[in-house]
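S.K.: Quick one: the structure is below, questions incoming.
The values are calculated or read from the model by the stated rules, or taken from the named source; none is laboratory data. All values derive from a computational prediction rather than experimental measurement. Cβ: placed from backbone, ideal geometry, glycine included. Neighbour counts: every protein chain shown. Note: areas computed on protein heavy atoms with side chains; ligands, DNA, RNA excluded. Shrake-Rupley method; radii C 1.70, N 1.55, O 1.52, S 1.80 Å.
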Amino acid sequence: MIEVKNLVKKYGNHLAVDHLDFTIEPGKIYGFLGPNGAGKSTTMNIMTGYIGATEGDVLINGHSIVEEPKEAKKYIGYLPEIPPLYMDMKVIEYLKFAAELKGIESGKKAKAITEAIELTKLHDVSDRLIKNLSKGYRQRVGLAQAVLGMPDIIILDEPTVGLDPKQIIEIRDLIKNLGKNHTVILSSHILQEVSVVCDYIMIISHGKLVASDTPDNLEKLMENTTKLSLKVKADKNNIENILNSFDEIENVEYTTGRDETMTDVNITTPVDIDIREKLFYSFAENKMPIYEMTSTKMTLEDVFLELTQEKKEDE
Ligand code: ADP
Ligand code: MG
């Protein structure tokens, strides 16, 4: 189990991690989801003892990463954003070296390396120099290093970044497999990725945890909201004047596309209220033709965008 307690990381005046508090239960796959710069890597680097925190602590199976880093790190395998690979080593040499660094007992080293190679399907390239491997294979070497000695907790920072679609599927399958016997935490800025791989999603925005739940529950969170998308032949100000009189509307966004005579309007309302007829007549009375109108339920994608979008007040 991992307990993250009131974690803060400041870079100068910039709050990269803003009082994070959460618990990771054993045996599940967790996804840290958030846009670039949200604080995912910083959080993972602190959890794994790579960098220090400004405030707070992380307990790994009861051991503080600050007070007892050696003990705490025993339970963790980590694939950082930029894997620490030595390009002039052969895969097998590198894994021996990594096993050494991790302090795996000499009697168990050979078995641990074989196991890691097997899991990451590296046997065909074990005698090749790392610098001669493709990006996909290098990523697997990084993963092999993370799973060496089969630690309880495996932390992977954007494990599929830069890979081609086939390699992405392979790595995802591997992660799902790992999740059967380990606690896995991975980060991604891609919603689709965490929703297919993870049992639990933690959405991080500006260093804060803004939502955490199963993919299903996050989706349900938004089931109570309807999204109306309109294309209207009028400009934003005129549309705004009309919509201001609608108390039922929770949120409105405007965008103008290539055709400047048209405005796209996205409206959210409670699910039990249908304002389509009222909208139709209001716009018609004001001689503002509606070209398109569709009504959809909010999706997980919408939840993610809504939770992580830049708030105007912050800018
Ligand atoms: P993510 O992994 O979610 O993309 P990061 O944890 O890498 O986010 O970064 C969080 C924030 O902290 C960003 O605004 C980033 O610019 C800043 N940051 C990260 N590392 C450093 C550093 N070493 N020095 C200064 N600022 C940093
Ligand atoms: Mg990152």
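S.K.: Tell me, what is the per residue accessible area of the stretch 225-297 in Å², probe radius 1.4 Å?
M.R.: 64
S.K.: Which whole-number percent is the relative contact order of the stretch 51-135 (Cα, under 8 Å, 6+ apart)?
M.R.: Relative CO of the stretch 51-135 lands at 28 percent.
S.K.: All other residues with a Cβ under 14 Å from the Cβ of residue 273 taken together, and with Lys, Arg as +1 and Asp, Glu as -1, what is their net charge?
M.R.: So the environment of residue 273 carries a net charge of -2.
S.K.: How would 123, 63 line up by accessible area, probe 1.4 Å, largest first?
M.R.: Details: 123 100, 63 40 Å².
Reading off the accessible areas and sorting them downward yields 123, 63.
S.K.: Give me the accessible area of residue 97, 1.4 Å probe, in Å² rounded to the nearest 10.
M.R.: 70
S.K.: Report, to the nearest 10°, how far helix 106-119 tilts away from the longest principal axis of the Cα atoms in the chain, using its own Cα long axis and a range of 0 to 90°.
M.R.: Tilt of helix 106-119: around 40 degrees.
S.K.: Answer rounded, prolate or oblate for the chain, using the Cα gyration tensor with square roots of eigenvalues a ≥ b ≥ c: rounded when a/c is under 1.5, else prolate when a/b is larger than b/c, else oblate.
M.R.: Prolate is the answer for the chain, as a/c is 1.5 or above and a/b outweighs b/c.
S.K.: Pull up the DSSP beta bridges for the chain and report the antiparallel fraction as a percent, rounded to 5.
M.R.: If I count the DSSP bridges inside the chain, around 70 percent turn out antiparallel.
S.K.: Oh, and also: Leaving ligands, DNA and RNA out of it, work out the accessible area of residue 250 with a 1.4 Å probe and give it in Å² to the nearest 10.
M.R.: We get 110 Å² for residue 250.
S.K.: If you add up the charges near residue 88, with Lys and Arg at +1 and Asp and Glu at -1, over every other residue whose beta carbon is less than 13 angstrom from its beta carbon, what do you get?
M.R.: Spelling it out: positives minus negatives among the neighbours equals +2.
S.K.: Among rounded, prolate and oblate, which fits the stretch 95-235 when a ≥ b ≥ c are the square roots of the eigenvalues of its C-alpha gyration tensor, a/c under 1.5 means rounded, and a/b larger than b/c means prolate?
M.R.: Verdict is prolate for the stretch 95-235.
S.K.: Here's another thing I want to ask about it. Quick one: helix 276-285 against the long Cα principal axis of the chain, what's the angle to the nearest 10°, folded into 0 to 90?
M.R.: For 276-285 against the chain, the angle is about 50 degrees.
S.K.: Something else: What's the angle, to the nearest 10 degrees (0 to 90), between helix 135-147's Cα axis and the longest principal axis of the chain?
M.R.: In the chain, helix 135-147 runs at an angle near 60 degrees to the longest axis.
S.K.: Give, as a single signed number, the net charge of other residues whose beta carbon lies under 14 Å from the beta carbon of residue 108, with Lys and Arg counted +1 and Asp and Glu -1. Please report the intermediate quantities before stating the final value.
M.R.: Details: positive: 74, 96, 102, 109, 111; negative: 100, 105, 115.
Charge balance in the 14 Å sphere: +2.
S.K.: Output the peptides 195-207, 137-149, 255-267 sorted from most to least packed, where packing is the average of other Cβ atoms within 10 Å over each peptide's residues.
M.R.: 137-149, 195-207, 255-267
S.K.: Sticking with this structure for a sec: Under 10 Å, Cα contacts only: if you run a Gaussian network model on the chain, which one of 222, 47, 288 comes out with the highest mean-square fluctuation?
M.R.: Its mean-square fluctuation being the largest, the pick is 288.
S.K.: Shifting gears a bit: Compute the distance from the alpha-carbon center of the stretch 198-225 to that of the stretch 39-84, in whole Å.
M.R.: After rounding, the separation between the Cα centres reads 24 Å.
S.K.: Let me make sure I get this right: for the stretch 91-149, a, b and c are the square roots of the gyration tensor eigenvalues over alpha carbons, sorted descending. Under 1.5 in a/c it's rounded, otherwise prolate if a/b > b/c, else oblate. Which is it?
M.R.: Prolate, since a/c reaches 1.5 and a/b exceeds b/c.
S.K.: Then there is this: Running a GNM on the chain with Cα contacts under 10 Å, which residue among 185, 46, 169 ends up with the highest mean-square fluctuation?
M.R.: Residue with maximal mean-square fluctuation among 185, 46, 169: 169.
S.K.: Using Cα pairs under 8 angstrom and six or more residues apart, how large is the relative contact order of the chain, in percent?
M.R.: Answer for the chain is 19 percent.
S.K.: Whenever you get a sec, line up 254, 291 from highest to lowest accessible area (probe 1.4 Å, protein heavy atoms).
M.R.: Reading off the accessible areas and sorting them downward yields 291, 254.
S.K.: Enter the accessible area of residue 293 (Å², nearest 10), with the probe set to 1.4 Å and all protein chains included.
M.R.: Using a 1.4 Å probe on the heavy atoms, I get roughly 60 Å².
S.K.: Tell me which lysines have Cα within less than 23 Å of residue 131's Cα, excluding those fewer than 8 residues away on the same chain?
M.R.: 90, 96, 102, 121, 166
S.K.: Here's a follow-up. Using a cut-off of 14 Å between alpha-carbon atoms, which aspartates and glutamates can reach residue 287, once sequence neighbours fewer than 8 places away in the same chain are excluded?
M.R.: 235
S.K.: Size of the stretch 1-149 along its principal axes in angstrom, Cα-based, largest extent first?
M.R.: So the extents along the principal axes, rounded to whole Å, are 46, 33, 27.
S.K.: Accessible area of the stretch 250-315 with a 1.4 Å probe: how many percent of it is carbon plus sulfur?
M.R.: Heavy-atom surface of the stretch 250-315 belonging to carbon and sulfur, 1.4 Å probe: 49 percent.
S.K.: Another question, then. Just 174, 101, 15 to compare: in a GNM of the chain, with alpha carbon springs under 10 Å, which one fluctuates most?
M.R.: 101
S.K.: Counting only protein heavy atoms and using a 1.4 Å probe, what share of the accessible area of the stretch 23-86 belongs to carbon plus sulfur, as a whole percent?
M.R.: Answer for the stretch 23-86: carbon and sulfur cover 51 percent of the accessible area.
S.K.: Once you keep just the Cα pairs under 8 angstrom separated by 6 or more residues, what percentage relative contact order results for the stretch 225-297?
M.R.: So the answer I get is 50 percent.
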